[in-house]
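Take a look at the structure below.
The values are calculated or read from the model by the stated rules, or taken from the named source; none is laboratory data. In this text the structure is predicted, and so the values were computed from the model without any measurement. Methodologically, a virtual Cβ is constructed for each residue, glycine included, from the backbone with ideal geometry; neighbour enumeration extends over all protein chains shown.
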Amino acid sequence: MQTIQTTTGFATTCGKGPLLLVQKYKRYCRSGKHILTIVSRQLVSNKDHRQSGLWRATPALFSCRSSCTNGNKTWSAMKAVTSCSDSETCMDKDSQNYATEEGRVKRMICLYIGYVGTDYYGLQVNRQEGIKTIEEEIERALFTCGWISERNFRKTQKVSWSRASRTDKGVHACGNVIALKALVKEQWFERDSNIRKKKQVTRTKNNSDELAFSSLGALKGDVLEQLNRNLPDSIRILGVHPVTKHFDARCRCNFRAYEYLMPVDAIPGASESIERAVSQFEEILSIFKGTHRFHNFSSGLRAVHKKANARLEVSNPTKQVTTVRSDQVSSPHADSEETKVDSTYDEEEGIKEFEENAGMDEEDNQHSEFSDYLCKVIRLWPEHSSHRLKRQEYIRSIYIADVEGPLQIQGRNYVLLRFAGQSFILHQIRKMIGGALSVMYGRLSLEALKAALHGPFQVPISLAPSEPLMLVLCDFWNPKKEIYELIPSPSTQEAMKNYKYNILLPRVADLVEQKRPFERFYVEGLYDYGGYGNLQRLIAKFHEWDEKRRQRKSQNVMECHQDTFTSNDDVAPKLSRVGTERPLPPKLFTQLAVELRMLPGPELCRIRQVLIDARKGGMISQDPSVQECIQYLKQKHYL
C-alpha cells in the first residue's frame, strides 16, 4: 500500500483494490463517479475512469507515475507538489467552503468602498509591476485579515471577484461596490429583520444556508475597523453586506450615479451672472438625457490623444494619413476594422483653413499627428463605419444630467454636475462635459453638438479633466423580480455620506485648486480641437442625413400597414392581438423617467404596470407617447 499526500487529505492504493481519497469526515471510492466529480470540479476535467485518470486530472496537486497492464495495476507516487496546513481543509464538495479557523465559512459578500483615486491607475487589478490599483490594496488587506486564503490570493477568479463600476485613473468614489467570496463568520454581521423583508428572501432546501446568510445585516463596526487599519488612508471600506451565492456586482447593478465637482469660474459667463451661466450650462447638458448612441463620446482617439497632449512634433506637418484604426477613433473595445478617411482634398489648404479658423498664427501652431487628423475630419466630416454604428455597446440611457449649486467648499464656489445612467462607456461623462464646455466657450455650436450625438459623423469632442469625477452611487434594483438585491444599511449610508462631504469633496477641491485642471483643459483640450471652422458643412450634412432617415422610417411604416391590410381575414385579428400584447418599449420608460425626474425603482415599476393595464383596457393608445402617458397618470392621480 502506498500513500499520496495531497492538499485535501491522502490517497491510498492496494494492489488491484480501489483508490481511496480520504478527507475530513468524507471518504470517496474510485469504484464510483464521486471521486472524479471532485477532481473535475476542483482541478481539470477528465472523464477517463481508468487507472491513470486521477493523477492525470490532478497535476497541480501531486506528480506521480503509473504503469499498468490488463491484469495488474501498479501505482508509484512521488512527493506532493503542494501541501496545506492542518487548519485548512476541504469541506463538502457541494458548498466548496474553506475554513482557516473554526467558525469561518466561505460566503459571497459586497464591500461598499470609498477612495481618492489620484495616486492609482484606476480601480481594476493590474498585475504589471509598478502599476498600483485600488483593488490590489483591498485584496491585500482582505488577505492580511484572513478573508482570502493563501491558495486564492491574487486569483480573483477563484473568489468570484466583480465590481459594480470600473473607474479610470484619477477617478474617485464614495459608493462603489465590490463583490467576492470571503472567509467570514456569521456572528460578525448584525441581525436585521428588515433586510429579509426588503429583499423578499425565501428559504429552499438547497440554498437555505446561503439565503439565511444573505438576510443578515451589515458587518459590525469593530470588524470593519480591523479591515480599514490594513488599508491606506486614501481607501476606506464603508460597509460590508452579505448577498446571495451567485451575485455579480456589474451585472446586478441597475444604474450608476456620478458627480463632477467644477469651480464656478470654469464656466464662461459666471463672473457676470452665476445663475444664468449655470442655467445655460444645464440646458446644454440636458440634450444627453434619454437613450442615445454615444459613438462620438467614448474613448475616442485614445492613442492620438497621448501624442497630442505630449505635443509631439512631426517632421512632415502635411503627412498624408489615409487610414485611422477604429481603436484610435473611439471604441470601448479594440477593433481590427479600419475606418477609411477620404484624402482626395488638398491637405495644405485644409491645414491652412484649420489654422485660420483656430484663431492662431501659423508660426505658433505646432502640428502633431492629432492636428493633422482633425484637419481631415473638420474638412470632410466623414461618417463612422456601419459596423461601428451598429454596435450595441454605444447605446446608453441617461436618466439625470443636471447641475446642483453653487455650493461653497473651503471658501470657493463650486457646482456639482450630476449624472445617472444604466452604465457608461469609457470617458463618456468627461466627453459629455467637454462637449458642453466647448459650446459654452464658443468653440462648438449647440446644433453641431446635437449632430455629434444623433448623427453618424465623426466629430472630435474635448475630454474634460478626470480629477473632479466621483462615483457616488450604485443601485441594485431588479426590475424583473421587483426587489432590491442589495440595500446599504443605515450605518453604511451614513458612512458613505460622511465620507463624501467630510473627506472626498474637500480632497477633490484641494486637487482642483493645486493642479488647475480646467486651465490646462482650456489651453490643451480646447486648443487641440481648434475652432471647428467648418461647422456649417457638418450641420448641413446632418440635416440631409436626418431627412433621409425620416423618409425611410415613414416608408417602412407605410409598407407595414400595407402588409397588414392585404393579409388574410384570419391573420388580421392575430396581428391586432399581437399589437395589444407586445410590451411597451423600454425607451418609453426611459423618457418617462427623464420627464418625471425618477430613477429606476419601485415607483417606476408601479407606473409601468399602470400603463400596461391602461393599454389593455383601451385607456391609452397602443403606441402611446410620453405626453399621453403623463397626461393619463395625472388624470388618475398617480403623480
Practice task
Could you pull out the residue among Glu447, Glu482 that is within 21 Å of Ala593 (Cβ to Cβ), touching a residue at least 12 places away in the same chain (Cβ under 8 Å) and of a type in the set (Asp, Glu)?
Solution key: Glu482
Practice task
Mind counting the residues in segment 237-253 that are surrounded by fewer than 19 Cβ atoms within 10 Å (Cβ to Cβ) and either within 20 Å of the chain's Cα centre (by Cα) or of a type outside the set (D, E, K, R) (or both)?
Solution key: 5
Problem - segment 226-260, residues that are more than 21 Å from Gly117 (Cα to Cα) and not in a strand (DSSP E or B) - result: Gln226, Val243, Thr244, Lys245, His246, Phe247, Asp248, Cys251, Arg252, Cys253, Asn254
Exercise for the section: Return the pairs, sorted by first residue and then second, in which the second residue is among the polar types (S, T, N, Q) and surrounded by fewer than 12 Cβ atoms within 10 Å (Cβ to Cβ), the first residue lies in segment 603-617 and is on the phi > 0 side of the Ramachandran plot and free of Cβ contacts under 8 Å to residues at least 60 places away in the same chain, the beta carbons are less than 9 Å apart, and the residues are 6+ apart or on different chains. Expected result: none
Handout entry: Answer from Ile612, Ile620, Ile630 - the residue that is surrounded by 12 or more Cβ atoms within 10 Å (Cβ to Cβ) and within 21 Å of Ile483 (Cβ to Cβ)
Key = Ile612
Exercise for the section: Those residues that are closer than 23 Å to Gly117 by Cβ, of a type in the set (Asp, Glu) and part of a loop (DSSP other than H, G, I, E, B), I need them from segment 446-489; list them, please. Expected result: Glu467
Fill in the blank from the handout: Within segment 171-220, the residues that are modelled with pLDDT under 90, in contact with a Ser or Thr (Cβ under 8 Å, 6 or more places away or on another chain) and outside any loop (DSSP other than H, G, I, E, B) are Ile195, Arg196, Lys199, Asp209, Glu210, Leu211, Ser214
